[in-house]
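The values are calculated or read from the model by the stated rules, or taken from the named source; none is laboratory data. In this text the structure is predicted, and so the values were computed from the model without any measurement. Please note: Cβ atoms are built from the backbone with ideal geometry, for glycine as well, and neighbour counts cover all protein chains shown. Heads up: the accessible areas ignore ligands, DNA and RNA and are worked out on the full protein's heavy atoms, side chains in. Shrake-Rupley method; radii C 1.70, N 1.55, O 1.52, S 1.80 Å.
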Amino acid sequence: DIALDDIFLTAGACGSTSNINPGTCGASGSVVDVGANCTFTTSTCNYQMEAVTGSVPWRGLVQDSSAQNQDLPTEDAGGNRYGYVYYQNIHGHEGDSARLRTPFFKSTSMTKLRFYSYFNGLDVGSLQVFTEDRNGARNRVWHHSGQQDPGWLLDCLPLDTESEVFVEFVATRSS
């Protein structure tokens, strides 16, 4: 199972591209586009969630859970009972996938993407992060697969693009 929380776009540089101290990514810098930021505490914002292959999309754990096993976190990254999105496909097939898309936003060479990820379970699979512009130019900016360290992991990615883009998170089920 894979979960995401606290997705933010801010200006500035990342100290590292993976699993960094929360104080060095997103704590400083101005917000790039409020509409693309989401804590998932009260809603799934205006993110698009859909299945790519198979029939299971991302789901939001906002007020109640339809989670079907114990591989998801019991709290969001901020310690609240609800407030994250997850991809859980326990009855699916290897290779099934789903995407979670932000709305379009104006990115600059100083835009950084900050988010928390959570990986747990036997069929955890992989998570890829892409940017895509209005012309369809797509760029993979991050990838993790398999079981990761326990708990929520903070990642910070420099987007390094000067265009209007959206960010897409693609979760894929393993065997």
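Numerical summary
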read-out	value
Residue, modelled with the lowest pLDDT, within the range 9-45, restricted to residues that are open to solvent by less than 50 Å² (accessible area, probe 1.4 Å) and not in a loop (DSSP other than H, G, I, E, B)	Gly35
Enumeration of residues in the range 121-149 that are closer than 24 Å to Ser175 by Cβ, touching a strand residue (DSSP E or B) at 6+ places or on another chain (Cβ under 8 Å) and buried (at least 16 other Cβ atoms within 10 Å of the Cβ)	Val124, Gly125, Ser126, Leu127, Gln128, Val129, Phe130, Trp142, His144, Gln148
Residue check for Asn89: without any contact (Cβ under 8 Å) to a residue 40 or more places away in the chain and not in a strand (DSSP E or B)	no
Hey, Asp160 open to solvent by less than 20 Å² (accessible area, probe 1.4 Å) and out of contact with any Gly (no Cβ under 7 Å at 6 or more places or on another chain) or not	no
Within the range 88-109, tally of residues that are open to solvent by less than 50 Å² (accessible area, probe 1.4 Å), closer than 12 Å to Arg59 by Cα and modelled with pLDDT of 90 or more	2
Residue ID - modelled with the lowest pLDDT, chosen from residues in the range 50-63 that are closer than 13 Å to Tyr84 by Cβ and open to solvent by 60 Å² or more (accessible area, probe 1.4 Å)	Gln63
The listed residue being among the aliphatic types (A, V, I, L, M) and assigned to a loop (DSSP other than H, G, I, E, B), out of Val124, Val129, Val141, Val167	Val124
Residue match in the range 69-76 (condition: under 14 Å from the mean Cα position of the chain (by Cα), modelled with pLDDT of 80 or more and surrounded by 13 or more Cβ atoms within 10 Å (Cβ to Cβ))	yes
